[in-house]
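Engineer: This structure is in structure tokens; I'll ask about it shortly.
The values are calculated or read from the model by the stated rules, or taken from the named source; none is laboratory data. If you're wondering where the values come from, they're calculated on a predicted model, not measured in any experiment. Reconstructed Cβ throughout: ideal geometry from the backbone, glycine too, with neighbour counts over all protein chains shown. Ligands, DNA and RNA are stripped out before the accessible areas are found, and what is left, the full protein with its side chains, is counted by its heavy atoms. Shrake-Rupley method; radii C 1.70, N 1.55, O 1.52, S 1.80 Å.
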Amino acid sequence: YLLTQAPITSVIAGGNSIQPIPAPVDAASYPAIVYQVVSDTSDYTLTGNDGLCHSRIMFSCLVSYGPGSYLTAHNLGLAVKDALSGYIGTLPDGPRVFFAEVVNVTDVFQPDALLSATNVSVMFHYAD
């Protein structure tokens, strides 16, 4: 879904640098977005799982350190936030998302990797 959003694909390397963790090793792969599941829970009733799940996924918008890298990472994070906030639909691999809500946005600097980053945490409520 994010690869269909022009404000995102116009910034990320090659227009397609979105992947699960770990972050790319090659500097040419930046700016990039990496994602990871932070938590995944199900709702239960007295008779068992009711089929509603909640998955928190963190999208890290990474930019190699340099002039303007903070703003690039931050603006990319805002584009991810805008694209996913309130999302409702069916994902390509099947789950039906009832609602997606952005629950946190943070800016960080990763000195060991020389990366500016904006992390966008999104809670997806979906059918199991």
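Engineer: Quick check: anything in segment 49-63 touching a helix residue (DSSP H, G or I) at 6+ places or on another chain (Cβ under 6 Å), more than 28 Å from Arg96 (Cα to Cα), assigned to a strand (DSSP E or B) and touching a residue at least 12 places away in the same chain (Cβ under 8 Å)? Lay out the reasoning, then the answer.
Structural biologist: Initially, segment 49-63 is screened for residues touching a helix residue (DSSP H, G or I) at 6+ places or on another chain (Cβ under 6 Å), giving 59, 61, 63.
Cutting the leftovers down to more than 28 Å from Arg96 (Cα to Cα) gives us 63.
Next cut, assigned to a strand (DSSP E or B) only: 63.
This time we only want the ones that are touching a residue at least 12 places away in the same chain (Cβ under 8 Å), so: 63.
Yes: segment 49-63 contains one or more residues that are touching a helix residue (DSSP H, G or I) at 6+ places or on another chain (Cβ under 6 Å), more than 28 Å from Arg96 (Cα to Cα), assigned to a strand (DSSP E or B) and touching a residue at least 12 places away in the same chain (Cβ under 8 Å).
Engineer: Can you name the residue in segment 53-66 that is open to solvent by 40 Å² or more (accessible area, probe 1.4 Å) and touching a Ser or Thr at 6+ places or on another chain (Cβ under 7 Å) and, of all such residues, is nearest to Ala13 (Cα to Cα)? Can you show your working first?
Structural biologist: Residues of segment 53-66 that are open to solvent by 40 Å² or more (accessible area, probe 1.4 Å), as a first pass: 56, 58, 64-65.
In the following step, the residues that additionally are touching a Ser or Thr at 6+ places or on another chain (Cβ under 7 Å) were identified as 56, 58, 65.
Working: Arg56: 25, Met58: 19, Tyr65: 15 Å.
Here the residue is Tyr65.
Engineer: Which of the residues belonging to segment 80-128 are open to solvent by 80 Å² or more (accessible area, probe 1.4 Å), at pLDDT below 95 and in a loop (DSSP other than H, G, I, E, B)?
Structural biologist: Once the filter is applied, which keeps residues that are open to solvent by 80 Å² or more (accessible area, probe 1.4 Å), at pLDDT below 95 and in a loop (DSSP other than H, G, I, E, B), segment 80-128 yields Pro92, Asp93, Pro111, Asp112, Leu114, Asp128.
Engineer: Next question. Could you list, in sequence order, all residues of segment 67-79 that are in contact (Cβ under 8 Å) with a residue 40 or more places away in the chain and either open to solvent by 30 Å² or more (accessible area, probe 1.4 Å) or under 17 Å from the mean Cα position of the chain (by Cα) (or both)? Before you say what the answer is, go through the steps one by one.
Structural biologist: Of segment 67-79, the ones in contact (Cβ under 8 Å) with a residue 40 or more places away in the chain are 69-70, 72-79.
Selection gives Tyr70, Thr72, Ala73, His74, Asn75, Leu76, Gly77, Leu78, Ala79.
Engineer: Name every residue in segment 13-52 that is at pLDDT 95 or above and open to solvent by less than 20 Å² (accessible area, probe 1.4 Å), in order of residue number.
Structural biologist: Selection gives Ala32, Ile33, Val34.
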